[in-house]
Amino acid sequence: MAHSNPEELTAFVIEQMQKIKEPREREIFTSLVKHLHAFVSEVHLSEAEFHKACGLIARLGQQCTPSHNEVVLMAGSLGVSSLVCLTNNGDQGKRPTTANLMGPFWRQNSPIMKSGESIVRSATPGEPVWVRVCVKDLNSKVVPNARVDVWHSSTEGLYENQDPKQAQMNLRGTFITDEEGRFEFETIKPSGYPIPINGLVGDLLKILGRHNNRPAHIHFMIFKEGYKTQFSQVYSSDDPVLDTDVQFGVTKALIGHYVRNEKLLLPSHPQGVAGWNLDFEFQIEAGAAYLPNPPVTEKKEL
Ligand SMILES: [Fe+2]
């Protein structure tokens, strides 16, 4: 059909979307077209702005490497990752959820660990922490045999995949919950870190006038058949940027409280050492388990 004005064009494109056979795809594409067209009309996007936008989207992809994912970083910086999480967990805000955004640094296949082992694999400065985790379902019933991936950055603010000085899979590990839904591990107390700003996300933050820091956190991914896979992050209550997280990730339910312990007994320090305890309980929901494609697959080499 030849169209002669914006309304006719939009109506025609939406009509074409109705030919999509699979209902969910049809719903998504129809809505996508509606909102994209409404956005162009609302801001009266100029041709020059449109060409620039196409270039920016292409560059987002070009700035991805096996050890860096600018697309995921951008989704977080626009609050989209958190919105997707809150839309799909906690009954849309009716109850607290321990789910959180995945972030751009999850790697698959970190080493399987025994409860009580340390995930510090190469000399890493920082104060020791003993983390105790419990996984329950929404009825407060413990969940045994769940696979839990753990990962966090060094106190220099870098994940091992970003930092050739760290050992492969440093500060990463995979644990299995015991009959009481629990596991424990030793690590170092994480500090907050700046997200990379040498790409398009950096340009965005400059426009927004926002800092590029994330509050200190430890990531978790809980996987068990019969339950919705849960990505989570536990944030440090004492972090100065808790309220201004560049990735909009912090929720009240995910603020963890580190308790000072002047004589922490650890496998690496059986005589005791000054450090911290962190206890945290996750609730996972019944549903379909799945694993997304990991946002990064390799470690940056020297
Ligand atoms: Fe992180």
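In the chain, which longest range has no GluC sites (Glu not before Pro) that are both DSSP loop (not H, G, I, E or B) and surrounded by at most 14 other Cβ atoms within 10 Å?
Between exposed loop sites, the widest span is 1-155.
Considering region 119-223, what Rg and Dmax in Å follow from its alpha-carbon atoms?
16.4, 50
Find the Cα radius of gyration of region 68-135, compare it with 2.2 N^0.38 Å by division, and give the number to two decimals.
1.47
Which of these, Gln166, Gln230, Gln271, has the largest mean-square fluctuation under a Gaussian network model of the chain (Cα springs below 10 Å)?
Residue with maximal mean-square fluctuation among Gln166, Gln230, Gln271: Gln271.
Counting each DSSP H run of 4 or more residues in the chain as -39500 (n - 2.57), what helix-only mean residue ellipticity at 222 nm follows after dividing by all residues, to the nearest 500 deg cm²/dmol?
Computed mean residue ellipticity for the chain: -8000 deg cm²/dmol.
Sequence gap at least 6, Cα distance under 8 Å: using those rules, report the relative contact order of the chain to the nearest whole percent.
Across the chain, relative contact order equals 21 percent.
Of all alpha-carbon pairs in the chain, indicate the percentage at a distance above 34 angstrom.
29
Using the 10 angstrom Cβ neighbour count as an exposure proxy, how do Leu171, Leu101, Leu86 rank, fewest first?
Leu86, Leu101, Leu171
Restricting to DSSP loop positions (anything but H, G, I, E, B) with no more than 14 other Cβ atoms inside 10 Å of their own Cβ, which chymotrypsin sites (Phe, Trp or Tyr not before Pro) remain in region 214-302?
Tyr290
Given N residues in region 195-302, what is its alpha carbon radius of gyration divided by 2.2 N^0.38 Å?
That works out to 1.37 for region 195-302.
Write down the Kirkwood hydrodynamic radius of region 37-98, to one decimal in angstroms, obtained as one divided by the mean of 1/r over all alpha carbon pairs.
Evaluated on region 37-98, it is 14.2 Å.
Counting other C-beta atoms within 10 Å, which of Tyr193, Tyr159 has the fewest, and how do the rest follow?
If I rank by nearby Cβ atoms, fewest first, I get Tyr193, Tyr159.
What trypsin sites (Lys or Arg not before Pro) in region 78-129 are in a loop by DSSP, with at most 11 other Cβ atoms within 10 Å of the Cβ?
In loop regions of region 78-129 (DSSP not H, G, I, E or B), the sparsely surrounded trypsin sites (Lys or Arg not before Pro) are Lys94, Lys114.
Could you list Cys54, Cys64, Cys85 so that the one with the fewest beta carbons within 10 Å of its beta carbon is first and the one with the most is last?
Ranking Cys54, Cys64, Cys85 by Cβ neighbours within 10 Å, fewest first, gives Cys54, Cys64, Cys85.
Let me make sure I get this right: for region 6-45, a, b and c are the square roots of the gyration tensor eigenvalues over alpha carbons, sorted descending. Under 1.5 in a/c it's rounded, otherwise prolate if a/b > b/c, else oblate. Which is it?
Judged from the Cα gyration tensor, region 6-45 comes out oblate (a/c at least 1.5, b/c at or above a/b).
Enumerate the whole-percent occupancy of each 5 Å bin, from 0 to the last occupied one, for all C-alpha pair distances of region 1-121.
Result, from short to long distances: 2, 8, 10, 12, 16, 17, 15, 8, 5, 3, 3, 1, 1, 0 percent.
No value in this document is a laboratory result; all are computed from the given coordinates. Remember, predicted model here, so these are calculated numbers, not experimental data. Here Cβ is always computed from backbone atoms with ideal geometry, including for glycine, and neighbour counts include all displayed protein chains.
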